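Have a look at the structure below before the remarks.
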Amino acid sequence: MPLFRLTFVFLLWPFWVQADSLPPSLPALYAVTGVASDDSLNMRDQPNGSARILLALPHDATDLQVTQLSREGNWAYISRGEVSGWVAQRYLQRQPDSVDAYGLPRGLRCFGTEPFWTVRFTQAGLAVMTPERTATHPITFHAPSAENVALGLGGFIFEWIADGQPVRGHILPGRCSDGMSDTIYGLHYIDTYFGNAGCCSL
């Protein structure tokens, strides 16, 4: 196997990615709806009403990250804290989209482990955070244009400058696990400078 292919394989480990499993409209944030104030919505480990209950969601829960729909479309796979599971889709309502100047969802963050790092998009550029320091780098290029970004369809490509050298980063659709929890995310991140490979959360 050529060296560059081996490098790419190890770059993705320990993150598990399945790049063809998401509808173009996902991931997205949803809120619980249609549940009485004295009741809750069950999160289950399989997309059916008799499956084991993992968590009881409050009737007014918001910011639930949906990354997948069942084959029939009547169950949604969501993340809440460090737990991921299935809830009945009829009790979910999509929250209004809010995007930044790049066309990305506000609050988007990408992160990884070994070593720990986080990146966020700000008005000043890309904020790169590690346990040792935080640095902001100007973003010199991004595609597609802000009005055409659809992360679940084609992802997002951008370039930034680190130590005087251009760095290319990618946010790509696909189920992703950080390898340290049961949470499943709908986006993953790769760059060409640090060799970072990780997940992205809305």
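The values are calculated or read from the model by the stated rules, or taken from the named source; none is laboratory data. Small disclaimer: the values here were computed from a predicted structure and weren't measured. Please note: Cβ atoms are built from the backbone with ideal geometry, for glycine as well, and neighbour counts cover all protein chains shown.
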Of the listed residues (Gln46, Gln65), the one being modelled with pLDDT of 95 or more and either crowded, with 16+ Cβ neighbours inside 10 Å or touching a strand residue (DSSP E or B) at 6+ places or on another chain (Cβ under 7 Å) (or both) is Gln46
Restricted to the stretch 160-199 and to residues being within 16 Å of the chain's Cα centre (by Cα) and charged (D, E, K, R), the residue surrounded by the most Cβ atoms within 10 Å (Cβ to Cβ) is Asp191
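So that you can scan it fast, the table gives a plain yes or no per residue for (1) touching a Gly at 6+ places or on another chain (Cβ under 8 Å); (2) touching a residue at least 24 places away in the same chain (Cβ under 8 Å):
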site	(1), (2)
Gly112	yes, yes
Arg133	no, no
His142	no, yes
Asn148	yes, yes
Ala162	no, yes
Arg168	no, yes
Ser177	no, yes
Ser181	no, yes
Going through the stretch 70-98 in order, the residues found to be in a strand (DSSP E or B), in contact with a helix residue (DSSP H, G or I) (Cβ under 7 Å, 6 or more places away or on another chain) and not aromatic (Phe, Trp, Tyr) are Ala76
Filtering the stretch 138-148 down to residues that are in contact with a strand residue (DSSP E or B) (Cβ under 6 Å, 6 or more places away or on another chain) and either in a helix (DSSP H, G or I) or not hydroxyl-bearing (Ser, Thr, Tyr) (or both) yields Pro138, Ile139, Phe141, His142, Ala143
What about Gln95, is it without any contact (Cβ under 8 Å) to a residue 40 or more places away in the chain and either farther than 30 Å from Asn42 by Cα or touching a Phe, Trp or Tyr at 6+ places or on another chain (Cβ under 7 Å) (or both)? no
Here the residues within the stretch 165-202 that are assigned to a strand (DSSP E or B) and either hydroxyl-bearing (Ser, Thr, Tyr) or at positive phi (or both) are Gly174, Ser177, Tyr185, Tyr189, Ser201
Counting only residues that are charged (D, E, K, R) and within 28 Å of Arg109 (Cα to Cα), the stretch 25-55 contains a total of 2
